[in-house]
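Here the structure is laid out as structure tokens; the discussion comes afterwards.
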Amino acid sequence: MRFNSFHNARLIFDLSDHYIEATDADIKAFVALGTVHVDEALLVGLADTWIRRKLALIQQSQILTKVPVLEIQAAAAGFGIMFTVASVNGSEQLVFPETKAELKTLLRFLDEDYYESPLSKTHFITNSKRAAKP
């Protein structure tokens, strides 16, 4: 049997081991990272299933602790994704947008769903995390 989407497969089978979603406690831990500047209550309020899944994937990848905030901002600007960086207690923090659409764009970028074609330099959004083989 073959499914066209994870969502459809999840309706029939228990795929909880393969599907992670941030809980309210996970969101609290995410906000406490020190690299994001966002109101916890606002983020919990905006957090639908898609946002919770992206937050869990971003935490799992540890991208916000591995890559400096200003480097993330510069890379995002290359894709036309603009967001603010605030200096809080001497450390740079990503200021998360307060609207759901802008938040989803930022989360998609942080989860590395954007890429650039090496030939045409065209920007794309991917729906796959399959690594390219050399």
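Rounded to whole Å and sorted largest first, list the principal axis extents of the Cα atoms in the range 58-111.
The Cα atoms of the range 58-111 stretch 29, 22, 21 Å along the principal axes, largest first.
How high is the relative contact order of the chain, in percent, counting Cα pairs under 8 Å that sit 6 or more residues apart?
This gives 21 percent for the chain.
For the range 18-62 and the range 91-132, what is the separation of their C-alpha centers, rounded to whole Å?
16 Å
Under 5 Å between amide H atoms, partner at least 5 residues away or on a different chain: which partners does Y114 have, H built in plane at 1.01 Å?
T126
Over all directions, how big on average is the projection of the convex hull of the alpha-carbon atoms in the chain, in square nanometres? All intermediate terms of the calculation are to be shown ahead of the outcome.
Details: hull surface 40.7 nm².
Value for the chain: 10.2 nm².
Could you derive backbone 3J(HN,Hα) for the range 42-56 from the dihedral phi with the Karplus parameters 6.51, -1.76 and 1.60 (θ = phi - 60°), listing whole Hz in sequence and x where the residue is Gly or Pro?
5, 5, 4, x, 7, 6, 7, 4, 4, 5, 4, 5, 5, 4, 5
Only the coordinates and a few stated rules stand behind these numbers; no lab work does. This structure is a prediction, so every number in the text was calculated from the model and none was measured.
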